[in-house]
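The values are calculated or read from the model by the stated rules, or taken from the named source; none is laboratory data. Because the structure is predicted, anything quoted here is derived from the model rather than measured. Here Cβ is always computed from backbone atoms with ideal geometry, including for glycine, and neighbour counts include all displayed protein chains. What goes into the accessible areas is simple: the full protein's heavy atoms, side chains included, and nothing from ligands, DNA or RNA. Shrake-Rupley method; radii C 1.70, N 1.55, O 1.52, S 1.80 Å.
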Amino acid sequence: MRNRRRRTYIAVGMCVGAVIAIVALIVVLSQNIEYFRTVSEAVANRHDSSQFRMAGAVVNGSVVPTTAGVDFKLTDGKATAEVIQHGNPPELFKDGAPVVCVGHWSQNGTFDSDQILIKHGNDYTPPVVKQPAASKQ
């Protein structure tokens, strides 16, 4: 009887520990997940000043380099948003490129972006680097 009670306590303790671990994992993961919004969704919620990700395509001819980064327009085909990027954009950034901008709405109605994520093809070929000849001593 005594062993049975001890096993019950151990089993209950392990279940409580497992529940605590699962809850902690859910809380940590939910704080680190950041979904993106389309341009239409973001424009509809322009009053929200929290940081989020906005996905769309760069409008052709809208890219204007600045001293602080680049200004451009982003669209999803339904709505368009003006984006001010603080910092240099990625190398693959260009007109028509599908991008995800990380930032927030400013007071003047533009999207202030701190980071641009850009999608690229699955086929990556590293650049060919000519190796120097080994010196004989």
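Charge tally for Val70 (other residues, Cβ to Cβ under 14 Å; Lys, Arg +1; Asp, Glu -1): -4.
Note: relative contact order over segment 1-113, using C-alpha pairs below 8 Å and six or more positions apart, is 24 percent.
Surface composition of segment 1-80: carbon and sulfur make up 61 percent of the accessible area, probe 1.4 Å.
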